[in-house]
Amino acid sequence: MKQELKDKTYILNGDATPIAFMLASKHTQSSPLLYWDEVKQVNRELRYARNQKSPFVDEQDDHFILEHVTFIDGSLSVPKTNPVLQAFLTMHPGFGHTFFELDFEKMAKDEVTALNIEVDALIAAKGLAMDAAESVLRVMTNANVDKMTSDEIKRDILIYAKRNPEEFMEAIDDPQLKLYSTASKALSNGTFVLKNNNKDIYFNIGTNKKKLLTIPFGEEPVQAIVSFLITDDGIEVLKMLETKQK
């Protein structure tokens, strides 16, 4: 099926765009323009000549007329009537690095996808149970939910879902989220305390001041507690925390 020709726009990569940027348009030793041909299994030289039907040097005749390829204010528009230049730019070594094609159709599709994820996240956040909302905020935003009103929690979970929809959706599907919340809350409410330059975690319940564990090197306290809670030795501690935090 013959590919439909269309006008294309190319944009320089990066925030800083010069008024005029001239792209290398022929192969030289100092600026090699080679395209790996998968069919022929060879590198083929590229050259843009406005009077030729191909961007490949080996398919051009001896009467080629070179033409500069210049980006003005960071962009270059190439009409569908110049398919050779479009092909040259697509095969250029700088494509995807120095410059890229501005695909409006793909941009619109990506934007629709992002908006749908945001809508799904907001709907999920609106219907989230209070304890689940507390868990998400506690773990993902480090919010001090113990001092927040229910309306503040509802507001903040909606804001978080709107700003980070994909992260939010992953969080509510994480089976370990409740464990992380339980561990985080145990530290914030003083059930556990850090000692010895934050290397060890101790109980801080009534007369129980025993050491719970030593935090493995490079691991965060909450992660260390979660890792302990899922062990056989941690089951009873988890039951105690869940009862205490109800």
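So for the stretch 31-51 (the condition being part of a loop (DSSP other than H, G, I, E, B), farther than 20 Å from F99 by Cβ and touching a Lys or Arg at 6+ places or on another chain (Cβ under 8 Å)), does at least one residue qualify? Looking for residues that are part of a loop (DSSP other than H, G, I, E, B), farther than 20 Å from F99 by Cβ and touching a Lys or Arg at 6+ places or on another chain (Cβ under 8 Å), one finds none in the stretch 31-51, hence no. The set of residues from the stretch 191-200 being part of a loop (DSSP other than H, G, I, E, B) and more than 35 Å from the chain's Cα centre (by Cα) comprises T191, N196. Within the stretch 115-153, how many residues are farther than 26 Å from I225 by Cα and without any contact (Cβ under 8 Å) to a residue 24 or more places away in the chain? Residues flagged as farther than 26 Å from I225 by Cα and without any contact (Cβ under 8 Å) to a residue 24 or more places away in the chain within the stretch 115-153 amount to 9. For the stretch 131-173, a residue qualifies if it is surrounded by fewer than 15 Cβ atoms within 10 Å (Cβ to Cβ) and either at pLDDT 95 or above or over 19 Å from A186 (Cβ atoms) (or both), and the qualifying residues are T149, S150, D151, E152, R155, I159, K162, R163, E166, E167, E170, D173.
The single condition among (1) within 30 Å of M22 (Cα to Cα); (2) over 22 Å from the mean Cα position of the chain (by Cα) that E105 does not meet is (2). Checked against the criterion of being of a type outside the set (S, T, N, Q) and in a loop (DSSP other than H, G, I, E, B), the candidates F88, F64, F100, F71 yield just one match: F64. Selection of first residues in the stretch 228-246 that are modelled with pLDDT under 90 and of second residues that are surrounded by 11 or more Cβ atoms within 10 Å (Cβ to Cβ), restricted to Cβ pairs under 6 Å at least 6 apart or on distinct chains, gives the following pairs, ordered by first then second residue: Q245/K185.
Matching residues to (1) under 36 Å from the mean Cα position of the chain (by Cα); (2) among the basic types (K, R); (3) surrounded by 12 or more Cβ atoms within 10 Å (Cβ to Cβ); (4) farther than 18 Å from Q86 by Cβ:
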site	(1), (2), (3), (4)
A20	yes, no, no, yes
Q29	no, no, no, yes
Y35	yes, no, yes, no
N43	yes, no, yes, yes
L46	yes, no, yes, no
Q52	no, no, yes, no
F56	no, no, yes, no
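Taking the criterion of being in contact (Cβ under 8 Å) with a residue 60 or more places away in the chain and part of a strand (DSSP E or B), the only residue of the stretch 19-30 that qualifies is L23.
Within the group A171, A143, A114, which residue is in a helix (DSSP H, G or I) and either over 20 Å from the mean Cα position of the chain (by Cα) or more than 30 Å from K239 (Cα to Cα) (or both)?
Working: A171 fails: either over 20 Å from the mean Cα position of the chain (by Cα) or more than 30 Å from K239 (Cα to Cα) (or both); A143 fails: in a helix (DSSP H, G or I).
Answer to the selection: A114.
The residue that is nearest to the chain's Cα centre (by Cα), counting only those in the stretch 64-102 that are surrounded by fewer than 14 Cβ atoms within 10 Å (Cβ to Cβ) and of a type in the set (S, T, Y), is S77.
The values are calculated or read from the model by the stated rules, or taken from the named source; none is laboratory data. Owing to the predicted nature of the structure, the values given are computational and were not obtained by experimental measurement. Positions of Cβ are generated from backbone atoms using ideal geometry, with glycine treated the same way; all protein chains shown enter the neighbour counts.
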